[in-house]
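Values in this text are rule-based calculations from the coordinates and carry no lab data. No experiment lies behind these values; they were computed from the predicted model shown. Heads up, the Cβs are rebuilt from the backbone with ideal geometry, glycines too, and the neighbour counts pull from every protein chain shown.
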Amino acid sequence: MDGELHAILEAESDHPLARVSRFTGLKPEGYVPLEIQAERSRRWTTRTLLAATLLLALLNARSLSSWASTLAPSWTTVTVRELAEVWSSRMAAAGLDGPRADMRSAWQGAKALTWRQVGGIHITVVKPRKR
């Protein structure tokens with residue numbers, strides 16, 4: 001629903017559509033008040049962020065322990081490091097670190113390619129003979 005229709009129906013307007021809507025109590029098909037749309041958007045965003053966080057915690061636990069190792073030493077950070085290491089080892093034992101390791105090895109292989117190896121083309125540079 002576009003903003004203009006919302007403005008007409010939500011405000012006290014003399015627009016004919018607003019008068020009919022107030023008189024009958026009916027709204028156009030598909031009309032959803034802005035408050036409900038905002039609430040739906042907040043719920044969708046919350047679910048999406050929670051799902052992404054859960055997936056990253058399960059499939060990318062190595063990065064969590066890597067981040068924890070960069071923290072300055074203190075009682076709290078030592079505890080965080082130990083928890084991250086335990087979590088990472090448990091995810092590895094469950095086999096959930098496989099996709100991350102596969103992606104990393106594919107990336108390292110792509111980084112190691114030279115222009116001569118791209119596409120399986122091997123170019124040999126021939127130096128001209130001196131006469």
* Any idea how far apart TYR31 and SER105 come out in nm if each label point goes 7 Å out from Cα toward Cβ? -> 6.1
* To do: Take peptides 61-74, 78-91 and line them up by average Cβ neighbours within 10 Å, highest first, as a rough protection proxy.
  => 78-91, 61-74
* With a 10 Å radius around each residue's Cβ, average the other Cβ atoms per peptide and rank 95-101, 43-49, highest first. => 95-101, 43-49
